[in-house]
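The values are calculated or read from the model by the stated rules, or taken from the named source; none is laboratory data. Note that this is a predicted model, so its numbers are computed, not measured. All Cβ positions, even for glycine, are placed from backbone atoms using ideal geometry, and neighbour counts span all protein chains on display.
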Amino acid sequence: MRSESSALARNMSAPPRTTLSFSALVPASGASGDAVADGAGLTFVCRLDARALLSKARRIRTEDQRKLDPWRMHDRLRVALVYARAEAMGQKRAPSGALAKACATPAETVADELGEVLALVSLADAALPKFGLFLPPREVGRAVLGSLGRTLAILARRRGTLFLRDADPIVWTAVEDRVFDLWTPAPAPGRTP
C-alpha cells in the first residue's frame, strides 16, 4: 500500500514571497531631554555616588592611586558604617575614634551593623518608587543624591540592574565603587502612578 504525499510539503527551492526589512527607531527626546530614556518610557529619579559624599581624605582620585592603594571591600564597609551612623544621628562628622573602633571590629559584624542601619532608612517616605532600573550615568551635570545613608540604602536594594524598594538590604552591593542613575518606568498615559 502506498501512502499519499503530505499536503504540507513545500517546494523549498522557490524564492521567498515575503521580504522583511528593519530600520532603527530613534525616539524624540521629551521632558527629560534623554531620547533613550524618553523612548523607553523611563523617568529619572536620582544619581547615586556614595564616594562623592565621603570626605576628600577617604576618596581615591586617580587611577594610579587606585592601583597603589585599592579601597578594599571591608574598608568600604567600615567607612560606610561610620558615616551612615553619624548621619542617622544627625551629626555632620563621625565621632572621634569611630573609624578606629570599626577597624577593630570583624568585617561580618560591621556588615551586620550596616545592614541594620540601612534597614531603618525609610525609602517609601522618601517617595522612591517600588521598582526601578540602575543605569550607568550618561549625562553630566546631574546632581548627586545628597544623603549618604539614603544612597547606601538604595544601592543595598540593588539586584543586578534592578532596584526593589522593599527588598532586604545587601550591604556588599551598597559599597561598590560605581555611580548609578536610578530610573523608574513612567506611568502609562491616562494612568496615575
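Observations on the model:
- The C-beta contact set for region 104-118 (first residue under 17 Å from M89 (Cα atoms), second residue assigned to a loop (DSSP other than H, G, I, E, B) and at pLDDT 90 or above, distance under 6 angstrom, 6+ apart or interchain) comprises G115/P169; L118/A156; L118/P169.
- Elements of the type helices (runs of 4 or more DSSP H) sitting completely within region 83-187 and holding at least 1 residues that are out of contact with any Asp or Glu (no Cβ under 6 Å at 6 or more places or on another chain) and at pLDDT below 90: these cover 98-103, 107-119, 171-174.
- Odd one out for V110 among (1) under 12 Å from the mean Cα position of the chain (by Cα); (2) crowded, with 19+ Cβ neighbours inside 10 Å: (1)
- If the condition is being in contact (Cβ under 8 Å) with a residue 60 or more places away in the chain and surrounded by 12 or more Cβ atoms within 10 Å (Cβ to Cβ), then region 136-154 contributes P137, E139, R142, V144, L145, S147, L148, G149, T151, L152, I154.
- Condition check for R157: among the basic types (K, R), surrounded by 12 or more Cβ atoms within 10 Å (Cβ to Cβ), closer than 28 Å to D75 by Cβ and within 13 Å of the chain's Cα centre (by Cα): yes
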